[in-house]
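Participant: One structure, pasted below without further comment.
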Amino acid sequence: MTEKFDAIVVGAGPAGSAAAYVMAKAGLSVLQLERGEYPGAKNVQGAILYSDALERIIPEFRDEAPLERHIVEQRVWMLTDKSHIGLDYRSDEFNEEKPDRYSIIRAQFDRWFCTKVKAAGALVICDTVVKALLKDAQGRVIGVKTDREGGDILAGVVILADGVNSTLARDAGYRAELDGDNTALVAKEMHFLRPEVIQNRFNIGEKEGVAFELVGTLTKGKIGMGFIYTNLESISIGIGCMVGDFEKGGLTPYGLLDELKAHPSVKPLLAGSEMKEYSAHLIPEGGYKAIPKVYGDGWMLVGDSAGLVNSIHREGSNMAMTSGQLAAETVIALKKEGKACSTQNLARYKSALDDSYVIKDMKKYQGMPGFLHGNRHVFTLYPELMSQAASTMLRVDGLDKKSKEKQVTKAFREKRGLFGLVGDAIKFARAFR
Amino acid sequence: MSKVEEKLFQNRYLLDEGSPHIRIKNPAVCKTSCAQPCTFCCPAACYVKNEEGGVDLTTDGCLECGTCRLICQSNGNLEWDYPRGGFGISFKFG
Ligand SMILES: Cc1cc2nc3c(=O)[nH]c(=O)nc-3n(C[C@H](O)[C@H](O)[C@H](O)COP(=O)(O)OP(=O)(O)OC[C@H]3O[C@@H](n4cnc5c(N)ncnc54)[C@H](O)[C@@H]3O)c2cc1C
Ligand code: SF4
Ligand code: SF4
């Protein structure tokens with residue numbers, strides 16, 4: 001290929017497809033490269049899609065995208081070995097005309113998104129690994145090198161939407177290798193059931209869905225979280241921990257997933273299902289402090305490659321799309337002004353990102369990763385204490401309620417100490433602020 | 001079949017026979033100076049302890065997550081790459 005593109009986008013996940021779509025729609029010549037057999041072939045997500053980010057790019061997506069169920073109920077469960085204590089929130093208001101979140105299946109969603117990219121006029125090539133960035137004598141990125149024959153391709157700018165591992169950004173020196181203490185590994189399975197069974201079991205209507213977030217003793221004091229999401233005719237279930245925690249031993253990713261599936265509160269939800277896929281993926285969880293420089297001479301990082309994930313709220317795909325869109329808009333504006341995608345000019349992308357919810361939210365929760373590292377007991381102690389408290393209060397065994405209350409308070413104090421409890425509350429509140 | 005193998009059996013792979021995308025640089029390092037975390041961290045159990053006290057790597061079931069690359073950082077004993085374009089795991093759902 002001797003043609004020079006306005007932009008090359010590496011990766012066909014939500015970040016890459018958002019960037020490629022927005023630029024192609026504005027009439028720029030765009031090449032999108034994906035290493036998978038098809039977009040989504042390498043990608044794993046829970047997956048909850050937040051409407052807002054996509055709606056700003058493709059307003060009519062609800063009529064076209066492969067959406068599973070809109071979420072009407074969220075459950076947060078704290079698990080101990082034998083019990084769970086939970087908080088449910090369900091509202092008919094989630095049955096609005098334009099629901100704000102859906103469960104999706106990434107392999108299908110990514111394929112759809114990429115058909116939109118093609119329809120907007122971009123050239124999309126799958127089955128192709130980008131091996132390195134091409135630079136000129138001044139170190140400016142001028143294109144990419146692929147694993148195809150004669151695979152050097154030139155462009156005015158290269159947008160790296162190559163996901164959490166981003167070996168390209170690492171090899172180019174734009175980003176350090178991922179750190180196991182700031183990166184989670186999640187193992188996931190897809191369990192198939194008839195739609196009526198799912199609807200009965202989860203107490204939901206035909207298109208309605210439920211999302212569970214799970215924490216507890218399962219992760220044996222390691223920083224970890226699980227999830228269960230209902231799709232049209234399947235259930236996504238997964239659980240993960242920090243890589244650095246797995247490294248210490250005592251847990252395997254598949255062992256942890258099997259324990260979750262066997263938990264007495266979870267097992268009946270999956271009964272009779274057929275498991276059709278097992279997957280695993282990393283999540284960048286370093287938060288605001290771990291975000292690398294996101295632009296330079298002829299290049300930008302978007303989505304997971306820039307570490308844009310809010311792990312507290314399990315938001316990543318939305319930040320990926322928004323960052324992709326903002327990067328694209330920067331390129332479009334520079335093209336209009338006849339300016340090059342130099343370091344100085346691409347600084348606009350950073351400002352736009354800073355002004356958006358992406359960086360604002362990441363800043364808001366910047367204390368969270370640190371808090372969790374220093375306070376691993378929140379994953380074991382609290383679920384246990386809460387469950388004990390509930391059990392004590394709910395059991396009818398001849399003990400009066402006042403004495404029961406005293407027992408509960410005593411257990412909390414003994415296990416953590418009053419200062420510990422207050423301290424945790426303050427630290428937790430700070431991390432959330 | 002082990003539990004992990006049963007799981008992986010459900011997946012769709014296009015194998016690039018004879019050209020594994022991850023390689024152990026120096027097997028002696030695995031044997032002598034490593035706690036071998038890859039043998040319990042890899043979600044596809046691609047790394048297995050062998051009888052000589054070292055580690056055998058078979059990438060056929062690899063989910064291309066990147067975990068082994070992270071945990072072997074301190075030893076720098078892995079050559080980690082993606083499979084050739086189109087090869088490796090192809091998630092139907094993801
Ligand atoms: C288990 C799990 C659950 C999650 N749940 C949620 C959730 O419920 N909601 C949410 O919003 N977020 C969630 N996230 C986060 C979300 O999945 C990510 O933030 C999002 O996918 C990032 O998008 P991306 O486009 O940056 O990267 P990716 O989706 O990873 O896409 C990167 C793409 O680049 C391609 N690629 C990589 N390297 C190359 C190369 N060298 N050459 C060519 N192509 C390449 C890959 O094949 C891939 O298609 C979850 C993540 C995980 C792992
Ligand atoms: S972590 Fe690296 S050095 Fe250690 S056993 Fe595994 S491959 Fe070998
Ligand atoms: S990339 Fe992931 S699945 Fe593949 S061998 Fe490494 S740890 Fe195992």
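The values are calculated or read from the model by the stated rules, or taken from the named source; none is laboratory data. What you see is a predicted model, and the numbers here were worked out from it, not measured in a lab. Please note: Cβ atoms are built from the backbone with ideal geometry, for glycine as well, and neighbour counts cover all protein chains shown.
Participant: Based on what the data block shows, is B:PRO37 within 13 Å of ligand 3 (Cβ to nearest atom) and either within 14 Å of chain A (Cβ to nearest Cβ) or more than 29 Å from A:ASP304 (Cβ to Cβ) (or both)?
Facilitator: yes
Participant: (1) within 15 Å of ligand 3 (Cβ to nearest atom); (2) more than 10 Å from chain A (Cβ to nearest Cβ); (3) modelled with pLDDT of 95 or more: which one isn't true of B:ASN26, the others all being true?
Facilitator: (1)
Participant: Do you know which of the residues in region B:48-94 that are more than 16 Å from ligand 1 (Cβ to nearest atom) and in contact (Cβ under 8 Å) with a residue 40 or more places away in the chain is surrounded by the fewest Cβ atoms within 10 Å (Cβ to Cβ)?
Facilitator: B:GLY76
Participant: Name the residues in region B:6-47 that are closer than 18 Å to A:GLY240 by Cα, away from ligand 1 (no atom under 16 Å from the Cβ) and free of Cβ contacts under 8 Å to residues at least 24 places away in the same chain, would you?
Facilitator: B:THR39, B:PHE40
Participant: Continuing with the same structure: Could you say whether any residue in region B:47-65 is assigned to a helix (DSSP H, G or I), β-branched (Val, Ile, Thr), more than 7 Å from chain A (Cβ to nearest Cβ) and closer than 22 Å to B:GLU5 by Cα? Let's see the steps before the verdict.
Facilitator: Of all residues in region B:47-65, those assigned to a helix (DSSP H, G or I) come to B:59-61.
Of the ones still in play, those that are also β-branched (Val, Ile, Thr) are B:59.
Applying the additional criterion that residues be more than 7 Å from chain A (Cβ to nearest Cβ) yields B:59.
Still in the running and closer than 22 Å to B:GLU5 by Cα: B:59.
Within region B:47-65, one or more residues are assigned to a helix (DSSP H, G or I), β-branched (Val, Ile, Thr), more than 7 Å from chain A (Cβ to nearest Cβ) and closer than 22 Å to B:GLU5 by Cα.
Participant: Also, quick follow-up: Could you check A:GLY11 against (1) among the small types (Gly, Ala, Ser); (2) over 19 Å from A:ARG314 (Cβ atoms); (3) away from chain B (no Cβ under 12 Å) and say which number it fails?
Facilitator: Of everything listed in (1) among the small types (Gly, Ala, Ser); (2) over 19 Å from A:ARG314 (Cβ atoms); (3) away from chain B (no Cβ under 12 Å), A:GLY11 misses just condition (3).
Participant: OK, next. Here are some residues: A:GLY156, A:GLY86. Which one is more than 14 Å from chain B (Cβ to nearest Cβ), modelled with pLDDT under 95, assigned to a strand (DSSP E or B) and surrounded by fewer than 23 Cβ atoms within 10 Å (Cβ to Cβ)?
Facilitator: A:GLY86
Participant: Could I ask something else about it? Test of understanding: among A:THR128, A:THR146, A:THR167, which residue is within 11 Å of chain B (Cβ to nearest Cβ), at pLDDT 95 or above and more than 25 Å from the chain's Cα centre (by Cα)?
Facilitator: None of the others qualify; the one that does is A:THR146.
Participant: Of the conditions (1) away from ligand 2 (no atom under 13 Å from the Cβ); (2) touching a Leu at 6+ places or on another chain (Cβ under 6 Å); (3) farther than 25 Å from A:PHE192 by Cα, B:ALA44 fails just one. Which one is it?
Facilitator: Going through the list (1) away from ligand 2 (no atom under 13 Å from the Cβ); (2) touching a Leu at 6+ places or on another chain (Cβ under 6 Å); (3) farther than 25 Å from A:PHE192 by Cα, B:ALA44 breaks only (3).
Participant: For region A:113-132, what are the residues that are surrounded by 23 or more Cβ atoms within 10 Å (Cβ to Cβ) and assigned to a strand (DSSP E or B)?
Facilitator: A:VAL130
Participant: Within region B:8-43, take every residue that is over 18 Å from B:GLU79 (Cα atoms) and aliphatic (A, V, I, L, M) and give me the one that is surrounded by the fewest Cβ atoms within 10 Å (Cβ to Cβ).
Facilitator: Top of the filtered list is B:ALA35.
Participant: May I pose another question? Of the conditions (1) more than 10 Å from ligand 2 (Cβ to nearest atom); (2) modelled with pLDDT of 95 or more; (3) within 14 Å of another protein chain (Cβ to nearest Cβ), B:SER19 fails just one. Which one is it?
Facilitator: Of everything listed in (1) more than 10 Å from ligand 2 (Cβ to nearest atom); (2) modelled with pLDDT of 95 or more; (3) within 14 Å of another protein chain (Cβ to nearest Cβ), B:SER19 misses just condition (2).
Participant: Have a look at B:LEU70, B:LEU78 and point out the one that is within 10 Å of ligand 3 (Cβ to nearest atom), over 9 Å from the mean Cα position of the chain (by Cα) and facing chain A (nearest Cβ under 9 Å). Quick ask: steps written out before the conclusion?
Facilitator: Values: B:LEU78 fails: facing chain A (nearest Cβ under 9 Å).
Testing whether each residue is within 10 Å of ligand 3 (Cβ to nearest atom), over 9 Å from the mean Cα position of the chain (by Cα) and facing chain A (nearest Cβ under 9 Å) leaves just B:LEU70.
Residues checked against (1) more than 14 Å from chain B (Cβ to nearest Cβ); (2) at pLDDT 90 or above; (3) over 22 Å from A:TYR89 (Cβ atoms):
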residue: A:PHE202; (1), (2), (3): yes, yes, no
residue: A:THR217; (1), (2), (3): yes, no, yes
residue: A:GLY224; (1), (2), (3): no, no, yes
residue: A:GLY249; (1), (2), (3): no, yes, yes
